[in-house]
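Novice: Supplied in structure tokens, the structure appears directly below.
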Amino acid sequence: MTATKSNRPPSVAGKKGFSLISDEKFRQLYVALLQCRMLDSRLSATPGYDAWLGREASSAAVSCCLRRADSVITTPRATLAQYLHTGSLTSSPYAPGPAAHFAAATEAALRQKAEKRGGLAVLFTRLAKPASMREAFAAAAKQSLPVLCILEGAAPSAEVFSGIPVIRVDACDTVALYRVAYESILRARDGVGPTILECAAWPGDPEPDPLLRLERYLAAKKLFRPHWKRQLEKKFSTALDKI
């Protein structure tokens, strides 16, 4: 599994180790990833859409861990995850920038914590100005807010993330992302606090396309057949035509 911990490890993962993944969950991950790929392709010509070709794995992996009542913050980077989570594309305008994204995540997490139902807020975004991130991370750490923050490419410096665990994961490894997201979300639901996932390009990555990598992984487990993929593509294409 291509992941490294760049700060103190999440307590749940440290105590229990990574859970086993069932064949059903592997298939669910593939279905989610294929949906992300097809939706990203459909939206790529949309003005203002930030295409995610080759970077869809985090959206698929995290979405497979969520409950209906969880909050996915509306950002340009959350389009794919929101579609998987809700079954529709959001019509709400995007927040003006990363600073507003962090503020919205804090507000949503406070609401989730007050409701005491084990819900959490998920934020897909880029780095903001250090002051904005420091304020948001400090509040999240101090109040043990149920937040999972997914950052692409780089994590903030140590003085910014207020002791929150930062886990660096191969952005193309759907299975690794699922394992880390699953443990981090359990941690948040248990009231332990937030986690930051840094989705990064991996040195010497043997397969930079997450869909091809997962297909090969599942084929080795005898869980993938090209005919199944064609059936899914036909089904998803019909669904996307209705959006």
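Bear in mind that the values in this text are calculations on the coordinates, not laboratory data. All values reported here derive from a predicted model rather than from experimental measurement. Cβ coordinates were reconstructed from backbone atoms using ideal geometry, including for glycine residues, and neighbour counts include every protein chain displayed.
Novice: Which aspartates and glutamates, on any chain, are close to K113 with Cα under 20 Å apart, when same-chain ones fewer than 8 places away are left out?
Specialist: Partners found: D70, E135, E183, D190.
Novice: Might you report the magnitude of the Cβ-based charge dipole of the chain about its Cα centre, with Lys and Arg at +1 and Asp and Glu at -1, to the nearest 20 debye?
Specialist: About 700 debye.
Novice: With unit charges on the beta carbon (Lys/Arg positive, Asp/Glu negative), name the residue among A81, S71, A100 whose Cα is farthest towards the positive pole of the charge dipole of the range 40-119.
Specialist: Comparing the listed Cα positions along the dipole, S71 ranks first.
Novice: Output the pairs from K116/K221; K25/K235; K25/K129; K25/K242 with a Cα-Cα distance over 29 Å in this structure; if there are none, say none. Display every interim value, and only then the final one.
Specialist: Values: K116/K221 39 Å; K25/K235 19 Å; K25/K129 37 Å; K25/K242 27 Å.
Beyond 29 Å between Cα atoms: K116/K221; K25/K129.
Novice: Within 10 Å, at most 15 other Cβ atoms, and a DSSP state outside H, G, I, E, B define an exposed site. Report the longest part of the chain free of exposed trypsin sites (Lys or Arg not before Pro).
Specialist: Value returned for the longest uninterrupted segment is 127-220.
Novice: Could you work out the local net charge near P98, counting Lys and Arg as +1, Asp and Glu as -1, over the other residues with Cβ closer than 9 Å to its Cβ? Display every interim value, and only then the final one.
Specialist: Numbers: positive: R126, K129; negative: none.
For residues surrounding P98, the net value is +2.
Novice: If you don't mind, another one. Can you work out the FRET efficiency for the pair L212 and E24, with r the C-beta to C-beta distance and R0 = 25 Å, to the nearest 0.05?
Specialist: My answer for the efficiency is 0.70.
Novice: Counting only DSSP beta bridges with both residues in the chain, tell me the antiparallel percent, nearest 5.
Specialist: 15 percent
Novice: Post the alpha-carbon centroid distance, the range 123-151 to the range 202-224, in whole angstrom.
Specialist: The range 123-151 and the range 202-224 have Cα centres spaced 31 Å from each other.
Novice: Could you calculate the contour length gain from H227 to Q143, that is, 0.36 nm times the residue separation minus the distance between their Cα atoms, to one decimal place in nm? Please report the intermediate quantities before stating the final value.
Specialist: Details: separation 84, 0.36 × 84 = 30.24 nm, distance 4.90 nm.
Gain on extension, H227 to Q143, equals 25.3 nm.
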